[in-house]
Amino acid sequence: MTAAAEIRTTCPYCGVGCGVLARVEADGRVAVRGDPAHPANRGRLCSKGAALGETTGLEERLLHPEVRGSRASWDVALGLVAGRFAEAIATHGPDAVAFYVSGQMLTEDYYVANKLMKGFIGSANIDTNSRLCMASAVAGHRRAFGADVVPGCYEDIERAKLVVLVGSNAAWCHPVLYQRLAQARREHDDLKVVVIDPRRTASADIADLHLPIRIGTDTVLYNGLLAYVAEHDELNASFVERHTEGLGEALAAARAGSPDVATVAAQCGLATEQVRRFYELFARTERVVTLYSQGVNQSSSGTDKVNAIINCHLATGRIGRPGMGPLSLTGQPNAMGGREVGGLANQLAAHLELGYPAHRELVRRFWRAPRVAQQPGLKAVELFEAVEQGRIKALWIMATNPAVSLPDAGRVRRALAGCDFVVVSDCVRDTDTTRLAHVLLPALAWGEKDGSVTNSERRISRSRAFLPAPGEARPDWWIVCEVAKRLGFREAFDYPDAAAIFGEHAALSAHANDGTRAFDIGALAGLDAAGYERLEPVQWPATRARPEGTARCFVDGGFYTPSGRARFVAVVPRPPAHAPDDDHPLALATGRVRDHWHTLTRTGASPRLSAHVVEPYVEVSPDDAARFGLADGGLARVISAWGEACARVRVSSAVSPGAVFAPMHWNDRFASAGCVNRAVNPATDPVSGEPEFKHTPVRLEPVTAAWHGFLLSRRRVARPGADYWAVARGDGLWRHELAGKEAPDDWTRAARALLCADDAGVEWIEYVDRAGRRYRAARLVGGRLESCLFVGPDPRLPSREWLQGLFALPRLDAATRTALLAGTPPKGQADAGRRVCACFAVGERTLREAIHDGCTSVEALGRRLGAGSNCGSCIPELRALLAQSAVAGSGQTQLADQTVG
Ligand SMILES: Nc1nc2c(c(=O)[nH]1)N[C@H]1C(S)=C(S)[C@@H](COP(=O)(O)OP(=O)(O)OC[C@H]3O[C@@H](n4cnc5c(=O)[nH]c(N)nc54)[C@H](O)[C@@H]3O)O[C@H]1N2
Ligand SMILES: Nc1nc2c(c(=O)[nH]1)N[C@H]1C(S)=C(S)[C@@H](COP(=O)(O)OP(=O)(O)OC[C@H]3O[C@@H](n4cnc5c(=O)[nH]c(N)nc54)[C@H](O)[C@@H]3O)O[C@H]1N2
Ligand code: SF4
Ligand SMILES: [Mo]
């Protein structure tokens, strides 16, 4: 086989929307690199993008339709889905069915799903996981601008003099954009960076100022800023006069709650001086960009937070011009595309309003639809409540894993288990959600499917196939259209390909528009299949008059409100929905880690990406650790009024006393009790319906285990027989972390049962230390290491990294066997330590040695080991190691703040 041609496509992870060049190599492997011609990344990729080639395997894939666990033909499965939906609609009305879709669908998939539900089934019960993500930003944009428009573009970050990151850990979650910012910061001395985040995250690495704000108090801080700007005469009077309305009320509300800097500081848990410095910087810098993400959106006052931020940009007229503006970072690759097609339950399509009869009629005629939904449908959290109450008789979930990602996940699972009919379209066979489905429909995955996505700066890019469709998997749009046809809507859903759907979507955006709606891609309406194939990245609006697209909106006002003026919103701060109490005194915020994506269905398949963080963890301050009797590296239960999870404890001064942080990624497939959403409360923002993922009152309880251990094995052990377990993919092996309440009487027997020692040709070496409660064993086949188990009385166990390396050896010699049982590398065999750099597989120990040998800068480490010199995502951690060794060198030791690893 010869290598195939490179195909230009788009990264399927975050909303930065990086261009990727992908090709299948002669040996069948997938090679990817950043597309130098794509304006979002100009050739860069982060660790996740660079490891895409490790995630295209078929091992875990769903490749055939299934009905109640048995393989079925497409015809049978589609017929069943259409039949059960038709029956539910006929008996209980259109609102008795629902779709729950995702910002990871392509625009074309999303468009037909929305069209089917809102125009043909006639209900608006289609909501999306963007409700958990971008809904507050959408609602805030609509309140302020009259339309869901991100005013600026990425280039503004490089042209700004002050970049404020609010509730965004871009270093890990939008890494390529963060690298662009870091580079601009290096090149321009006068560019300042402020990070507003309760935790000291990797993003604070380049910050001139970090404000460790008390969770949920951003409205107080921004109200204070508005009052400060007015008081210090920094209002842009002519902009306010010509292009806005409502400043008086907003200012009055701001002054009432945030009268002065000291009051703000006290309420936000900050030092007065810190707040003053931020306000001064903001007030005196004309070119300010505010980047915000889930620390803002995922709050019961998320929409108010968004408007409090936008208020300050409107008051200073800093919007729509180069180097300035509020810039909401979208999470998923197509969060923005979903908003364009109206995928949320309270929208129509192409930025048309469900609430306007004229818009409904326009869409109905355009679609030649029998009926168009008259009222908004159920928002995600309400939707699953309705499922629990039996009001939804048939539910179709596409490209999302709600059993893991919705708050109060225990309740979501009960709701799904009790629902009459659940359909799941996914690429992966076994997820916490597919386990609860009646029908599974196999969808094409990234690399196999064709369509388009839109990134945070409104840039539409093509996602192109370079792999063949595996098994019987089909594009999501095809699956939706086949069901639509079986529901009797053949004509409206008879598309030959994704290009035809895109053409219709583009035409609708321009239909009767005349500049009244921001979303207009009329320039792309006439594309034929070849034109669609060639489509270059373009930022909407791309109208017939301005086909080249638009970098910035609102350059000259021109907002989409009835008056054409932007609206200030009077914001009255309120505390999070559920206050901590004696039983649950800590505030839990949840979020992401650098190398994992959501529920691990994709990044969990990559050894490279699974090495950085191998287990669910909970990060707690040294004060609270002492208070709750928690040891670093031990285990803790995270308990709320809704449920609980179990995770590894990380004691870190990166979080403030009173606050704890846990990642959202783990679930029943990867850990015994890792799904933190079982504990997360289901409160939502009253305007946007977005859940409060960033604030749940919890308590932590240490888990006392009689034994701790780990098991490295070439095969995945389905039931590791431990009270606590977490599993991660390694190179050619699986890594299982284990702990148990009671140690078995006889480890030798227990280990053999676990590792099934009875196959022929197996060699078994072991070490038993009864007094020390230590046990070590390895199983070899033909001299080659097959698996090994290490057990001890506490979490201090030998280096997994070195042991993993032994799996690559064709056979273990006597010295290595002895070393293995001793748990320490023999002389000359290095132990790289915990993986820090994903691109070059560089471990912490290797880095420390290099630092010890005189590498005193990130650049020097890069020259010597490669670390940090490719995607740059680990640079904050390299810097933390450098700083630690500098401190250690001066005679002190310090806990790693940012080495969350
Ligand atoms: N590696 C990785 N990258 C991703 C994803 C992923 O799963 N993994 N997912 C993508 C998606 S869908 C999304 S939505 C984005 C999310 O991207 P981000 O929003 O940047 O990520 P999060 O970790 O959810 O939360 C950001 C920060 O909000 C802070 N925070 C919590 N409460 C508050 C508060 O009250 N105020 C303020 N100011 N900050 C607060 C948290 O401490 C956290 O550091 O990431 C995208 N990129
Ligand atoms: N505690 C807590 N919970 C959170 C958050 C948080 O910060 N804290 N963040 C929330 C946010 S912002 C988000 S965006 C959500 C994300 O939550 P989810 O959307 O539930 O997470 P994913 O793991 O991305 O799920 C995507 C699913 O779709 C499948 N899939 C991938 N590609 C395709 C495709 O092309 N077609 C089909 N049919 N299936 C596909 C994947 O295998 C996977 O099962 O989580 C939310 N939940
Ligand atoms: S920043 Fe990383 S995850 Fe996001 S689109 Fe770019 S390569 Fe993909
Ligand atoms: Mo998201």
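Filtering segment 14-35 down to residues that are farther than 13 Å from GLY53 by Cα and modelled with pLDDT of 95 or more, which residue is farthest from ligand 3 (Cβ to nearest atom)?
Just the residues of segment 14-35 that are farther than 13 Å from GLY53 by Cα, to begin with: 14-19, 26, 35.
Imposing the further condition that a residue be modelled with pLDDT of 95 or more reduces the set to 14-19, 35.
Numbers: CYS14: 3, GLY15: 7, VAL16: 4, GLY17: 6, CYS18: 3, GLY19: 9, ASP35: 10 Å.
The residue in question is ASP35.
Looking only at helices (runs of 4 or more DSSP H) that fall completely inside segment 274-349, which ones have 2 or more residues that are within 16 Å of ligand 3 (Cβ to nearest atom)?
On the way: elements: 294-297, 302-315, 335-340.
Here the list reads 335-340.
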Revision key, fill the gap. Considering residues that are of a type outside the set (D, E, K, R) and closer than 18 Å to VAL101 by Cα, the number found within segment 353-382 is 6
Revision key, fill the gap. (1) open to solvent by 20 Å² or more (accessible area, probe 1.4 Å); (2) over 23 Å from the mean Cα position of the chain (by Cα) all hold for ASP156 apart from (1)
Check your understanding: Does segment 72-88 contain any residue that is of a type in the set (D, E, K, R), at pLDDT 95 or above, more than 16 Å from ligand 1 (Cβ to nearest atom) and farther than 21 Å from GLY471 by Cα?
Key -> yes
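Name the residues in segment 389-405 that are assigned to a loop (DSSP other than H, G, I, E, B) and either within 16 Å of ligand 3 (Cβ to nearest atom) or in contact (Cβ under 8 Å) with a residue 12 or more places away in the chain (or both), would you?
Going residue by residue through segment 389-405, those that are assigned to a loop (DSSP other than H, G, I, E, B) are 389-393, 399-401.
Within segment 389-405, GLY390, ARG391, ILE392, LYS393, ALA399, THR400, ASN401 meet the criteria.
State whether one or more residues within segment 102-122 are more than 25 Å from the chain's Cα centre (by Cα), open to solvent by 10 Å² or more (accessible area, probe 1.4 Å) and of a type in the set (Gly, Ala, Ser). It would help to see each step written out before you state the result.
The first filter runs over segment 102-122 and keeps only residues more than 25 Å from the chain's Cα centre (by Cα), leaving 115-122.
Narrowing the set further to residues that are open to solvent by 10 Å² or more (accessible area, probe 1.4 Å) leaves 122.
Subsequent filtering for residues that are of a type in the set (Gly, Ala, Ser) retains 122.
Looking for residues that are more than 25 Å from the chain's Cα centre (by Cα), open to solvent by 10 Å² or more (accessible area, probe 1.4 Å) and of a type in the set (Gly, Ala, Ser), one finds at least one in segment 102-122, hence yes.
Could you tell me whether GLY167 is modelled with pLDDT of 95 or more, on the phi > 0 side of the Ramachandran plot and away from ligand 4 (no atom under 16 Å from the Cβ)? Before the answer, list the steps.
Values: modelled with pLDDT of 95 or more: yes; on the phi > 0 side of the Ramachandran plot: yes; away from ligand 4 (no atom under 16 Å from the Cβ): no.
So GLY167 does not fit the description; no.
For GLY323, are the conditions met, namely being in contact (Cβ under 8 Å) with a residue 12 or more places away in the chain, on the phi > 0 side of the Ramachandran plot and open to solvent by less than 10 Å² (accessible area, probe 1.4 Å)? Write out each step before concluding.
Details: in contact (Cβ under 8 Å) with a residue 12 or more places away in the chain: yes; on the phi > 0 side of the Ramachandran plot: yes; open to solvent by less than 10 Å² (accessible area, probe 1.4 Å): yes.
Here the answer is yes, as GLY323 does meet what is asked.
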Practice item. From ASP218, ASP205, grab the single residue that is within 14 Å of ligand 1 (Cβ to nearest atom), modelled with pLDDT of 95 or more, in the same structural domain as GLN294 (by TED's automatic domain parsing) and buried (at least 20 other Cβ atoms within 10 Å of the Cβ). Key: ASP218
Study note, to complete from the structure: Counting only residues that are under 20 Å from the mean Cα position of the chain (by Cα) and open to solvent by 10 Å² or more (accessible area, probe 1.4 Å), segment 413-429 contains a total of 3
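So if I check each of LEU354, LEU348, LEU383, LEU344, which one is open to solvent by less than 10 Å² (accessible area, probe 1.4 Å), within 16 Å of ligand 4 (Cβ to nearest atom) and in contact with a helix residue (DSSP H, G or I) (Cβ under 9 Å, 6 or more places away or on another chain)? Show your work before the answer.
On the way: LEU354 fails: within 16 Å of ligand 4 (Cβ to nearest atom); LEU348 fails: within 16 Å of ligand 4 (Cβ to nearest atom); LEU383 fails: within 16 Å of ligand 4 (Cβ to nearest atom).
Unique residue meeting the criteria: LEU344.
Would you confirm whether any residue within segment 170-193 is closer than 26 Å to VAL651 by Cα, assigned by TED's automatic domain parsing to the domain that holds LEU291 and either more than 16 Å from ligand 3 (Cβ to nearest atom) or of a type in the set (Ser, Thr, Tyr) (or both)? Break it down into steps so the answer makes sense when it comes.
The first filter runs over segment 170-193 and keeps only residues closer than 26 Å to VAL651 by Cα, leaving 170-175.
Next, only the ones that are assigned by TED's automatic domain parsing to the domain that holds LEU291 stay: 170-175.
Next, from what is left, pick out any that are either more than 16 Å from ligand 3 (Cβ to nearest atom) or of a type in the set (Ser, Thr, Tyr) (or both): none.
Within segment 170-193 (the criterion being closer than 26 Å to VAL651 by Cα, assigned by TED's automatic domain parsing to the domain that holds LEU291 and either more than 16 Å from ligand 3 (Cβ to nearest atom) or of a type in the set (Ser, Thr, Tyr) (or both)), the answer is no, since none of the residues qualifies.
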Point to revise | Enumeration of residues in segment 289-312 that are within 16 Å of ligand 4 (Cβ to nearest atom) and among the hydrophobic types (A, V, I, L, M, F, W, C) | key: LEU291, VAL296, VAL306
Revision key, fill the gap. Filtering helices (runs of 4 or more DSSP H) wholly in segment 798-879 for at least 3 residues that are buried (at least 19 other Cβ atoms within 10 Å of the Cβ) and touching a residue at least 60 places away in the same chain (Cβ under 8 Å) gives 800-806
Check your understanding: For GLU448, all conditions in the list (1) assigned by TED's automatic domain parsing to the domain that holds GLU361; (2) buried (at least 24 other Cβ atoms within 10 Å of the Cβ); (3) under 30 Å from HIS38 (Cβ atoms) hold save one; what is the number of the exception?
Key -> (2)
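Would you point out the residue of segment 447-462, among those that are more than 19 Å from the chain's Cα centre (by Cα) and part of a strand (DSSP E or B), that is farthest from TYR154 (Cα to Cα)?
Of everything passing the filter in segment 447-462, GLY451 is farthest from TYR154 (Cα to Cα).
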**Study point:** Contacts under 6 angstrom Cβ, first residue in segment 114-141 being in the same structural domain as ARG364 (by TED's automatic domain parsing) and more than 16 Å from ligand 3 (Cβ to nearest atom), partner in a strand (DSSP E or B) and acidic (Asp, Glu), 6 or more apart
**Key:** none
Point to revise | Boolean, ASN223 is more than 15 Å from ARG318 (Cα to Cα) and assigned by TED's automatic domain parsing to the domain that holds ARG287 | key: yes
**Study point:** Meets criteria (surrounded by fewer than 24 Cβ atoms within 10 Å (Cβ to Cβ), farther than 21 Å from LEU329 by Cβ and within 16 Å of ligand 3 (Cβ to nearest atom)) for GLU54
**Key:** yes
Review point. Among the strands (runs of 3 or more DSSP E) confined wholly to segment 551-640, which include 3 or more residues that are within 13 Å of ligand 1 (Cβ to nearest atom)?
Key: 586-591
Revision key, fill the gap. Checked ALA542, ALA579, ALA570 against criteria (over 23 Å from ARG242 (Cα atoms), open to solvent by 40 Å² or more (accessible area, probe 1.4 Å), among the hydrophobic types (A, V, I, L, M, F, W, C) and in contact (Cβ under 8 Å) with a residue 12 or more places away in the chain); the one match is ALA579
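Taking the criterion of being buried (at least 17 other Cβ atoms within 10 Å of the Cβ) and without any contact (Cβ under 8 Å) to a residue 40 or more places away in the chain, would at least one residue in segment 596-615 satisfy it?
Step one: filter segment 596-615 for residues buried (at least 17 other Cβ atoms within 10 Å of the Cβ), giving 596-615.
With without any contact (Cβ under 8 Å) to a residue 40 or more places away in the chain added as a condition, the list becomes none.
Scanning segment 596-615 turns up no residue that is buried (at least 17 other Cβ atoms within 10 Å of the Cβ) and without any contact (Cβ under 8 Å) to a residue 40 or more places away in the chain.
Hey, any hits in segment 456-469 for a residue that's within 17 Å of VAL30 (Cβ to Cβ) and either within 8 Å of ligand 2 (Cβ to nearest atom) or at pLDDT below 95 (or both)? Write out each step before concluding.
Residues of segment 456-469 within 17 Å of VAL30 (Cβ to Cβ): 463-469.
From what's left, either within 8 Å of ligand 2 (Cβ to nearest atom) or at pLDDT below 95 (or both): none.
Checked segment 456-469: no residue is within 17 Å of VAL30 (Cβ to Cβ) and either within 8 Å of ligand 2 (Cβ to nearest atom) or at pLDDT below 95 (or both).
The values are calculated or read from the model by the stated rules, or taken from the named source; none is laboratory data. Not measured: the values here are computed from a predicted model. All Cβ positions, glycine included, derive from the backbone under ideal geometry; neighbour counts span all protein chains shown. Side chains included, ligands, DNA and RNA excluded: accessible areas come from the protein's heavy atoms. Shrake-Rupley method; radii C 1.70, N 1.55, O 1.52, S 1.80 Å.
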